[in-house]
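Input: a single structure, listed below in structure tokens.
The values are calculated or read from the model by the stated rules, or taken from the named source; none is laboratory data. Just so we're clear, the structure is a prediction, and the values are computed from it rather than from any experiment. Glycine gets a Cβ as well: all are built from the backbone with ideal geometry, and neighbour counts include every protein chain shown. Remember, those area values only see protein heavy atoms, side chains included, never the ligands or the DNA or RNA. Shrake-Rupley method; radii C 1.70, N 1.55, O 1.52, S 1.80 Å.
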Amino acid sequence: SYRRFSEPPFYHAPSSGVITFPTAGIYLIAYSAQVNKIGVVSTTIDIWVNQNASNVSNSNRRVLLVSANTPQVVTATFIVDIAANDTITFLQAVGISTVAAGIYPFITPAGEPFVPSIIVTINKASD
């Protein structure tokens, strides 16, 4: 099932993470992801944008995770030329897979709202 957002229209498939843009244009895309690891060995995590099954140039962001259970935030903003029916997804890779590193949702602090694992903002800048 897809969730439709208000103008400009785009669709998000929660099960796959794919965002589809029915309307062409220049889009400002920003994200903020909370990353963490459980293991004691330091590792890196990379997060980047994939458009129509191809990596977007210069979109990778890398964070070094040193201490276990010490969340960090990765942020990035991109301007992307989108054609009608283009898709984007956010991908991640870790340097050492055995330390359980990745994008994590966090437990809701007492008396505060839930802290999501990733927030994505999309604005159409021009046609």
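Some notes on this structure:
- Just the protein heavy atoms count here, and of the accessible area of the chain at 1.4 Å, carbon and sulfur take up 56 percent.
- Put a dot 7 Å past the Cα of Ala30, heading toward its Cβ, do the same for Ala100, and the two dots end up 3.3 nm apart.
- Shown is the FRET efficiency for Ala53 and Ala110, computed with R0 = 41 Å from the Cβ-Cβ distance and rounded to the nearest 0.05: 0.45.
- Under 5 Å from the amide H of Phe10 lie the amide H atoms of Phe5, each residue being 5 or more positions distant or on a separate chain, with H modelled from the backbone and absent for Pro and chain starts.
- With a simple spin-label model that places each label point 7 Å from the Cα along the Cα-to-Cβ direction, the separation between Ser42 and His12 comes to 3.4 nm.
- Alpha-carbon centroids, the stretch 53-69 and the stretch 73-112: separation in whole Å: 9
- The figure for Val49 is an accessible area of roughly 0 square angstrom, using a 1.4 Å probe on the protein chains alone.
- Length-normalised contact order of the chain in % [C-alpha pairs under 8 Å, at least 6 apart]: 36
- Efficiency of FRET between Thr89 and Arg61 - r from beta-carbon atoms, R0 22 angstrom, step 0.05: 0.90
- Note that the chain presents 57 Å² accessible area per residue, ligands and nucleic acids not counted, probe 1.4 Å.
- Each Lys or Arg adds one and each Asp or Glu takes one away; over the other residues whose Cβ falls under 12 Å from the Cβ of Val94, this sums to +1.
- 13 Å cut-off, amide nitrogen to a point 7 angstrom out along Asp127 Cα→Cβ, residues in the stretch 21-57: 24-26
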